[in-house]
């Protein structure tokens, strides 16, 4: 696992939204003052507006980044026919840890493979913690103008016990347990493929060790629950 020198991101293929009507943070409203000039379609870089039979139409409300937009249609519209408001459905989502912003941005990243272009707090929620609080601290005076391949984020595990099996992971984290049944085999395989590419591990969760995970044995942590759900000797 430690002989991995560099990582290249695979080609990203956008997937359809899991919702028939995706939920966004903002909604746009168009009045009868609209003259169908198409200015909103022309300036919107996020695909919110489209032309339909010669008329501008708000097709993708959920892609609107609101005040973070560098060319807000609701301000540039020559007739002042557009109004932006916060979506009340959005505010009904989430809790203190998994805020509405965090949920919606996670859906966006899962569908597109990219971080949200704006409008959403996608890192930590409101709890002040979480995975994305991880920070890399450089030594004082260290030259920062280096190539990516010269940066080593690997961590040696089991260092406290001299006779323990030594393992090195290329990144200082691994995937937590998510049980087969609570997630699909497709999701489990996606996680295993990702950690193999990144040089780290992923835990099976309590739902057992499906045969489909066998090609990723070297990157799997088997979770053994008290009920031994799905646990076999060979895994």
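Within the bounds of the range 98-115, is there any residue that is more than 18 Å from the chain's Cα centre (by Cα), closer than 20 Å to residue 16 by Cβ and loosely packed, with under 13 Cβ neighbours inside 10 Å?
no
Would you mind stating whether residue 151 is surrounded by 10 or more Cβ atoms within 10 Å (Cβ to Cβ) and in contact (Cβ under 8 Å) with a residue 60 or more places away in the chain? No, not satisfied. Quick check, is residue 17 under 30 Å from residue 166 (Cα atoms) and either assigned to a loop (DSSP other than H, G, I, E, B) or at pLDDT below 95 (or both)? It is false that residue 17 is under 30 Å from residue 166 (Cα atoms) and either assigned to a loop (DSSP other than H, G, I, E, B) or at pLDDT below 95 (or both).
Residues in the range 24-55 that are buried (at least 18 other Cβ atoms within 10 Å of the Cβ) and modelled with pLDDT under 95: 24 only.
Scanning the range 59-75 for residues that are touching a strand residue (DSSP E or B) at 6+ places or on another chain (Cβ under 8 Å) and exposed (fewer than 15 other Cβ atoms within 10 Å of the Cβ) turns up at least one hit.
The test for being at pLDDT below 80 and either assigned to a loop (DSSP other than H, G, I, E, B) or under 27 Å from residue 110 (Cα atoms) (or both) does not hold for residue 212. Residues that are modelled with pLDDT under 75, in a loop (DSSP other than H, G, I, E, B) and surrounded by 14 or more Cβ atoms within 10 Å (Cβ to Cβ) do not occur anywhere in the range 184-206.
The values are calculated or read from the model by the stated rules, or taken from the named source; none is laboratory data. Every value quoted in this text rests on a predicted model; they were computed, and no experiment measured them. Backbone-built Cβ (ideal geometry, glycine too); neighbour counts: all protein chains shown.
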